[in-house]
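The values are calculated or read from the model by the stated rules, or taken from the named source; none is laboratory data. These figures come from a predicted structure and were not determined experimentally. Positions of Cβ are backbone-derived with ideal geometry, glycine not excepted, and every protein chain shown enters the neighbour counts.
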Amino acid sequence: MRARRLVRGLLAPVLLVALVGTLAVLQYRWLGQVSEAEREQLRESLDRRARDFADEFDRTITHLYQGLRPVSAFDPAAPEAFLGRYDQWLASTPTPALVKAMYFARATSAGVVLYRFEPDGRSFVRADWPSSLAVVRERVSGGIDDAARGGPAGARMFTFTSSPIVPEVPALVMALPVASAVVLPRLPAPGGEHDFMMALRSSHSHVIVELDAAYVKDTLVPSLLARHFSEPGSRGYRVSVVDTDSQPIVSRNLGPGHAVDPDRADVVAPFFMVRPDTVRSATLTWTVPVGPNPPARGQAAATGPTVAGQVSAITVTKPAPIEEVRAGAGGGPIALRVGALAPGHWRVLVQHQAGSLDAAVAAARRRNLWLSFGILAVLAASVGLIVVNARRSERLAAQQMDFVATVSHELRTPLAVIRSAAQNLSAGVVHEGTQARRYGELIEGEGRRLTEMVEQVLEYAGLEGNRRRTASGRPIDAGRLAAEAAASSASLFEAEGVELTTAIAPDLPPVVADEGALRRALHNLLTNALKYAADGRTVAVEARAGLARGVREVQLVVSDQGPGIGADDLAHIFEPFYRGRNATERQVHGNGLGLSLVKRVAEAHGGRVTARSAPGAGATFTIHLPAAPASEAAEPLEAAADAGGQIP
């Protein structure tokens, strides 16, 4: 039956622990899924912000390109067509400060001549090439020996890139429309590239728009970064704008001169290019007649010199722009290669402050795991506390039942003796004075036992004693109180044949105490020694001064030479209703409240009680009371209720 009851009692805690473990596993998996979703959401959001930034910057550049790109050839001496496009762009752009200067470059036999646009005079003026446009001059002049590239001697290289942007300046280089040409196609080369033989007749003139680098780096890019990376949730990111060599141009949330490592960036978005989706595709078509014969049906005569070959029309549209054109010496054939669209010249790099999005999400997951497991640990601890408290409640209930049974037995015995003596007296059995006196002593002794038990119960319940202790605390001589308590109990020890000795140190400091409560505590210790240690035949009462953590105190000691207390019982003897193995085996009368009341009295006075014992070596109980200030003198003690040890 007991085993079955134990199994039923453990079933609920085991189920609760299993439930907490299951919740922990599910929480771990759920947090993993949440972290993965959060990582993807953050990456998508960050990629969207970077792309939005790149798109807005490129829209600004594309708007400038579309607004100022010449749609027909013009002469710098008569720039009316260009001025019309310039005025339209100026009226529609929100960033007029983007343009620092504009030029017109014309290829002549003497070289490439440069004209500078003067906005105030609305005209182009002849100017020298500034050093800032050296890269542009080399690009538009095409004066690079083909021999340096491994080609035939005397050949020249004309280079046309897929992007009009020159990031080193920065500038936009826009060629005027190409004149007529004659093309002889060749078979497609392996790898998807197409080679063509062609002869060009072009003006080789360009409009050059120099951008204000300071405005781009100090105003335009920072304002766009602030717009796209200052929203809630973006403050924890480092942002860098770098060139093709990963040199920093603009940074956000980074120190001066620092940039995000491209290999460790969470998001990389190229920009600073003319967007192909916003620029119309260019279509170039050339036709060539067959030798000296007239053109066949569907063929058109080409201007310029004729080249023998098959008639064909070649169309080149973006995003498959002309990559380079190679001209032979003496105006010979020219090789044209169609290349791929050039990427952005700058990049925006975004990195989380934690080092990466993965690190940030992992840190957040660890925090969530600690928080979740902390909550589950609290829940598990609560379950444990519930189980422990339930077990303690069961033990306390069992102790209380034992207490009720013990008190009932303790009350019944003296009451039965008193009733028996009273019946004998009322029946006239007692005739002699000596016999009557013996009956009176018997009734008195049993009545004292009843009084002690009632006082202990009242004291434990907090009745009467608490009010008196609070109201009557005053400086008293604890040594004298100990001597009086020993003297009042001397008759009890004498009747049991136990020697009671006292050792009171002189000049003890007074203590602030409730005299009645302290007297009852000493009496409980003496009674406890008489009950459990009478075999030792000696009990000693001592009052002495001592120090505890540098503070003076008075120590009231009751020691015996009895069988002692086992280590298992010593840890619990001050618990209410607890009775040690020795008391149970020897069937010593008691209710398990005496030592508990001594502890309560000592703690109520700001002190403590200690016990020291070993099996076969007796037991020593010490009440430690803090000494009163030296300025306070001990007051006289109240008289004890009687000499028989009755507790008031």
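Scanning segment 253-275 for residues that are surrounded by 20 or more Cβ atoms within 10 Å (Cβ to Cβ) and within 16 Å of residue 346 (Cα to Cα) gives 259, 260, 265, 267, 269, 271, 272, 273, 274.
Take the residues of segment 530-559 that are free of Cβ contacts under 8 Å to residues at least 60 places away in the same chain and small (Gly, Ala, Ser): which is surrounded by the fewest Cβ atoms within 10 Å (Cβ to Cβ)? Ranking the candidates gives 550 first.
Scanning segment 98-115 for residues that are over 60 Å from the mean Cα position of the chain (by Cα) and surrounded by 14 or more Cβ atoms within 10 Å (Cβ to Cβ) yields 104, 105, 106, 107, 112, 113, 114, 115. When residue 487 is tested against the conditions (1) outside any helix (DSSP H, G or I); (2) farther than 17 Å from residue 601 by Cα, the lone failure is (1). Out of all the residues in segment 578-589, is one or more modelled with pLDDT under 80 and of a type in the set (Phe, Trp, Tyr)? Looking for residues that are modelled with pLDDT under 80 and of a type in the set (Phe, Trp, Tyr), one finds at least one in segment 578-589, hence yes. Taking the criterion of being surrounded by 23 or more Cβ atoms within 10 Å (Cβ to Cβ), β-branched (Val, Ile, Thr) and out of contact with any Asp or Glu (no Cβ under 8 Å at 6 or more places or on another chain), would at least one residue in segment 503-526 satisfy it? Checked against the condition, which is being surrounded by 23 or more Cβ atoms within 10 Å (Cβ to Cβ), β-branched (Val, Ile, Thr) and out of contact with any Asp or Glu (no Cβ under 8 Å at 6 or more places or on another chain), segment 503-526 yields at least one hit. Go through the residues of segment 319-339 one by one and say whether even a single one is over 16 Å from the mean Cα position of the chain (by Cα), at pLDDT 80 or above, part of a helix (DSSP H, G or I) and loosely packed, with under 13 Cβ neighbours inside 10 Å. No, there is no match, as no residue in segment 319-339 is over 16 Å from the mean Cα position of the chain (by Cα), at pLDDT 80 or above, part of a helix (DSSP H, G or I) and loosely packed, with under 13 Cβ neighbours inside 10 Å.
Sub-7 Å Cβ pairs linking a first residue in segment 80-93 that is hydrophobic (A, V, I, L, M, F, W, C) to a second residue that is surrounded by fewer than 15 Cβ atoms within 10 Å (Cβ to Cβ), at least 6 apart or interchain, are 81/72; 83/122; 90/96, ordered by first then second residue. Scanning segment 232-260 for residues that are without any contact (Cβ under 8 Å) to a residue 40 or more places away in the chain and charged (D, E, K, R) yields a count of 3. Just one of the listed residues (118, 138, 80) is loosely packed, with under 15 Cβ neighbours inside 10 Å and either closer than 17 Å to residue 164 by Cβ or within 60 Å of the chain's Cα centre (by Cα) (or both), namely 138.
Just one residue in the set 72, 45, 123 is closer than 25 Å to residue 137 by Cβ, of a type in the set (S, T, N, Q), out of contact with any His (no Cβ under 6 Å at 6 or more places or on another chain) and surrounded by 13 or more Cβ atoms within 10 Å (Cβ to Cβ); that residue is 123.
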